Amino acid sequence: MSEINFLLRDKNRRKFFFKCILIGLPILISAALLVNYMEDRSAAKGTPNDKGGMDYYFRDAVTETAPDVLCNLIPMYPNGKISYYNFSTDQASNLSGDLFLFTPDSFEQVKSYYKEKGRTVDDGTDTFICTIAGKKITLSKFTTKKDDPVQGENKINISF
(Lines give C-alpha, C1' and ligand atoms only; values in the text may rest on other atoms or scores of the structure.)
Protein backbone atom coordinates (compact mmCIF):
# COMPACT_ATOMS: atom_id res chain seq x y z
CA MET A 1 0.00 0.00 0.00
CA SER A 2 2.90 2.34 0.68
CA GLU A 3 4.02 1.98 -2.98
CA ILE A 4 0.73 3.39 -4.22
CA ASN A 5 0.82 6.11 -1.59
CA PHE A 6 4.32 6.99 -2.83
CA LEU A 7 3.03 7.30 -6.43
CA LEU A 8 -0.04 9.32 -5.52
CA ARG A 9 1.57 11.59 -2.90
CA ASP A 10 1.52 14.84 -4.87
CA LYS A 11 -0.04 16.24 -8.02
CA ASN A 12 2.99 15.77 -10.32
CA ARG A 13 3.43 12.13 -9.31
CA ARG A 14 -0.28 11.40 -9.83
CA LYS A 15 -0.10 13.07 -13.23
CA PHE A 16 2.94 10.97 -14.20
CA PHE A 17 1.30 7.76 -12.90
CA PHE A 18 -1.89 8.28 -14.90
CA LYS A 19 0.05 9.22 -18.05
CA CYS A 20 1.94 5.95 -17.76
CA ILE A 21 -1.35 4.07 -17.49
CA LEU A 22 -2.88 5.97 -20.43
CA ILE A 23 0.13 5.24 -22.63
CA GLY A 24 0.96 1.73 -21.43
CA LEU A 25 -2.50 0.16 -21.31
CA PRO A 26 -3.29 0.52 -25.05
CA ILE A 27 0.17 -0.82 -25.88
CA LEU A 28 -0.37 -3.89 -23.68
CA ILE A 29 -3.85 -4.52 -25.08
CA SER A 30 -2.58 -4.16 -28.67
CA ALA A 31 0.29 -6.56 -28.00
CA ALA A 32 -2.07 -9.14 -26.48
CA LEU A 33 -4.43 -8.93 -29.46
CA LEU A 34 -1.54 -9.22 -31.91
CA VAL A 35 -0.15 -12.30 -30.17
CA ASN A 36 -3.61 -13.91 -30.13
CA TYR A 37 -4.06 -13.19 -33.87
CA MET A 38 -0.62 -14.58 -34.73
CA GLU A 39 -1.23 -17.77 -32.70
CA ASP A 40 -4.56 -18.35 -34.46
CA ARG A 41 -2.97 -17.85 -37.88
CA SER A 42 -0.10 -20.25 -37.11
CA ALA A 43 -2.53 -22.89 -35.79
CA ALA A 44 -4.47 -22.69 -39.07
CA LYS A 45 -1.24 -23.22 -41.03
CA GLY A 46 -0.20 -26.08 -38.77
CA THR A 47 2.02 -26.58 -35.78
CA PRO A 48 4.32 -29.58 -35.19
CA ASN A 49 2.97 -32.32 -32.93
CA ASP A 50 4.47 -35.19 -30.96
CA LYS A 51 3.48 -37.79 -33.62
CA GLY A 52 5.93 -36.39 -36.15
CA GLY A 53 3.18 -34.61 -38.06
CA MET A 54 1.24 -31.38 -37.78
CA ASP A 55 -1.81 -30.12 -35.87
CA TYR A 56 -4.23 -27.80 -37.68
CA TYR A 57 -6.86 -25.71 -35.93
CA PHE A 58 -9.26 -22.99 -37.12
CA ARG A 59 -12.29 -21.48 -35.38
CA ASP A 60 -14.43 -18.36 -34.81
CA ALA A 61 -14.46 -17.22 -38.44
CA VAL A 62 -15.65 -18.45 -41.82
CA THR A 63 -13.47 -19.63 -44.69
CA GLU A 64 -14.10 -21.41 -47.96
CA THR A 65 -10.71 -23.12 -48.04
CA ALA A 66 -8.84 -25.57 -45.87
CA PRO A 67 -5.17 -26.57 -45.75
CA ASP A 68 -3.95 -28.47 -48.82
CA VAL A 69 -3.22 -31.59 -46.77
CA LEU A 70 -6.96 -31.83 -45.98
CA CYS A 71 -8.16 -30.86 -49.48
CA ASN A 72 -5.95 -33.60 -50.96
CA LEU A 73 -7.87 -36.21 -48.96
CA ILE A 74 -11.39 -34.80 -48.76
CA PRO A 75 -12.81 -32.79 -51.64
CA MET A 76 -14.36 -29.65 -50.19
CA TYR A 77 -18.04 -29.18 -50.92
CA PRO A 78 -18.21 -26.37 -53.53
CA ASN A 79 -21.12 -24.45 -51.99
CA GLY A 80 -19.93 -24.63 -48.38
CA LYS A 81 -18.24 -22.45 -45.80
CA ILE A 82 -16.01 -23.88 -43.09
CA SER A 83 -16.37 -22.39 -39.61
CA TYR A 84 -14.19 -24.82 -37.69
CA TYR A 85 -11.62 -27.52 -38.27
CA ASN A 86 -9.35 -29.42 -35.94
CA PHE A 87 -7.25 -32.23 -37.32
CA SER A 88 -3.78 -33.67 -37.10
CA THR A 89 -1.39 -35.72 -39.19
CA ASP A 90 1.18 -38.26 -38.15
CA GLN A 91 4.57 -39.14 -39.60
CA ALA A 92 2.94 -41.09 -42.44
CA SER A 93 0.60 -38.13 -43.22
CA ASN A 94 -2.50 -39.99 -41.97
CA LEU A 95 -5.26 -37.50 -41.10
CA SER A 96 -7.68 -37.63 -38.20
CA GLY A 97 -10.06 -34.94 -37.01
CA ASP A 98 -13.19 -33.10 -38.03
CA LEU A 99 -14.59 -29.91 -39.51
CA PHE A 100 -17.91 -28.05 -39.55
CA LEU A 101 -19.35 -26.99 -42.88
CA PHE A 102 -22.24 -24.59 -43.47
CA THR A 103 -24.17 -24.67 -46.73
CA PRO A 104 -27.53 -23.43 -48.01
CA ASP A 105 -27.92 -26.81 -49.76
CA SER A 106 -29.76 -29.71 -48.18
CA PHE A 107 -28.02 -32.60 -46.45
CA GLU A 108 -29.18 -34.85 -49.32
CA GLN A 109 -27.34 -32.67 -51.86
CA VAL A 110 -24.15 -32.82 -49.79
CA LYS A 111 -24.50 -36.61 -49.46
CA SER A 112 -24.94 -37.02 -53.22
CA TYR A 113 -21.79 -34.95 -53.83
CA TYR A 114 -19.74 -37.23 -51.57
CA LYS A 115 -21.41 -40.38 -52.98
CA GLU A 116 -19.86 -39.48 -56.34
CA LYS A 117 -16.42 -38.99 -54.76
CA GLY A 118 -16.19 -42.23 -52.78
CA ARG A 119 -17.64 -45.61 -51.91
CA THR A 120 -20.74 -45.62 -49.68
CA VAL A 121 -20.48 -47.58 -46.43
CA ASP A 122 -23.67 -46.46 -44.64
CA ASP A 123 -26.43 -44.14 -45.83
CA GLY A 124 -28.74 -42.88 -43.07
CA THR A 125 -31.09 -39.91 -42.82
CA ASP A 126 -28.83 -37.77 -40.63
CA THR A 127 -25.53 -39.62 -41.12
CA PHE A 128 -23.59 -40.71 -44.17
CA ILE A 129 -20.39 -42.79 -44.13
CA CYS A 130 -18.17 -43.34 -47.14
CA THR A 131 -14.56 -44.11 -47.95
CA ILE A 132 -12.48 -41.79 -50.13
CA ALA A 133 -8.98 -42.96 -51.07
CA GLY A 134 -9.18 -45.62 -48.35
CA LYS A 135 -10.08 -43.09 -45.60
CA LYS A 136 -13.40 -43.39 -43.75
CA ILE A 137 -15.38 -40.11 -43.89
CA THR A 138 -18.50 -39.51 -41.78
CA LEU A 139 -20.99 -36.73 -42.53
CA SER A 140 -23.45 -35.85 -39.77
CA LYS A 141 -26.27 -33.35 -39.87
CA PHE A 142 -26.18 -30.88 -36.96
CA THR A 143 -28.61 -28.22 -35.82
CA THR A 144 -27.43 -24.62 -35.98
CA LYS A 145 -26.86 -23.00 -32.59
CA LYS A 146 -27.32 -19.38 -31.60
CA ASP A 147 -23.54 -18.73 -31.35
CA ASP A 148 -22.63 -20.25 -34.76
CA PRO A 149 -20.98 -17.76 -37.14
CA VAL A 150 -23.36 -18.69 -39.99
CA GLN A 151 -27.11 -18.65 -39.43
CA GLY A 152 -29.93 -19.88 -41.67
CA GLU A 153 -27.89 -22.62 -43.36
CA ASN A 154 -27.43 -26.34 -42.83
CA LYS A 155 -24.61 -27.33 -40.48
CA ILE A 156 -22.71 -30.50 -41.31
CA ASN A 157 -19.91 -32.18 -39.36
CA ILE A 158 -17.35 -34.07 -41.42
CA SER A 159 -15.23 -36.50 -39.38
CA PHE A 160 -12.30 -38.44 -40.73
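Output the residue which, of all residues in the range 82-110 that are within 19 Å of T127 (Cα to Cα), in contact (Cβ under 8 Å) with a residue 60 or more places away in the chain and under 12 Å from the mean Cα position of the chain (by Cα), is surrounded by the fewest Cβ atoms within 10 Å (Cβ to Cβ).
Here the answer is D98.
Taking the range 73-96 on its own, how many of its residues are assigned to a strand (DSSP E or B) and either in contact with an Asp or Glu (Cβ under 9 Å, 6 or more places away or on another chain) or farther than 15 Å from D55 by Cβ (or both)?
So the count comes out to 10.
Going by the structure shown, is T47 touching an Asp or Glu at 6+ places or on another chain (Cβ under 8 Å) and surrounded by 13 or more Cβ atoms within 10 Å (Cβ to Cβ)?
The answer is yes for T47.
Go through (1) in contact with a helix residue (DSSP H, G or I) (Cβ under 9 Å, 6 or more places away or on another chain); (2) without any contact (Cβ under 8 Å) to a residue 40 or more places away in the chain and name the single condition D60 misses.
(2)
Only one of these conditions is not met by G134: (1) under 20 Å from P78 (Cα atoms); (2) of a type outside the set (A, V, I, L, M, F, W, C); (3) at pLDDT below 95. Which number is it?
(1)
Please verify whether the range 54-71 includes one or more residues that are β-branched (V, I, T), surrounded by 13 or more Cβ atoms within 10 Å (Cβ to Cβ), over 20 Å from the mean Cα position of the chain (by Cα) and within 27 Å of S140 (Cα to Cα).
no
With the requirement that a residue be out of contact with any Ser or Thr (no Cβ under 8 Å at 6 or more places or on another chain), aliphatic (A, V, I, L, M) and assigned to a strand (DSSP E or B), what does the range 102-136 give you?
I132
So, in the range 137-160, exactly how many residues are in contact with a Phe, Trp or Tyr (Cβ under 7 Å, 6 or more places away or on another chain), assigned to a strand (DSSP E or B) and among the β-branched types (V, I, T)?
2
The values are calculated or read from the model by the stated rules, or taken from the named source; none is laboratory data. Just so it is clear, the model here is predicted, and its values are computed rather than measured. We place every Cβ from the backbone using ideal geometry, glycine too, and count neighbours over all the protein chains shown.
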